[in-house]
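See structure below.
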Amino acid sequence: MAEYVIIMGLFIACLGILTVFFVTFKEYGGRILALVSSEYP
C-alpha cells in the first residue's frame, strides 16, 4: 500500500509539472504568433 501511495504522489507531481510547462509554452507561443502576425512594418 505504501508503494502505491508513493507512486501516485510522484505521478500527480509529474502531471502538475507538465501542466505548468504546457501553459507556459502555450502562452509564449501566443506571444510569438502575435509578434509575427502583426501589421507593424
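Where a number appears in this text, it was derived from the coordinates with a stated rule and is not lab data. Predicted model only: the values in this text are computed from it and were never measured. Here Cβ is always computed from backbone atoms with ideal geometry, including for glycine, and neighbour counts include all displayed protein chains.
Based on the Kirkwood radius over alpha-carbon pairs, what value in µm²/s does the Stokes-Einstein equation return for the translational diffusion coefficient of the chain at 4 °C and 1.567 mPa s?
Calculated translational D: 102 µm²/s.
With θ taken as phi - 60° and the coefficients 6.51, -1.76 and 1.60, list the Karplus ³J(HN,Hα) couplings across the range 21-34 in order, rounded to whole Hz; mark glycine and proline as x.
Running phi through 6.51 cos²θ - 1.76 cosθ + 1.60 with θ = phi - 60° gives 5, 4, 5, 5, 6, 5, 5, 5, x, x, 5, 4, 5, 5 Hz.
Looking at the chain, which GluC sites (Glu not before Pro) are in a loop (DSSP not H, G, I, E or B) and have at most 16 other Cβ atoms within 10 Å?
Numbers: sites: 3, 27, 39; in loops: 39.
Qualifying residues, ordered by number: 39.
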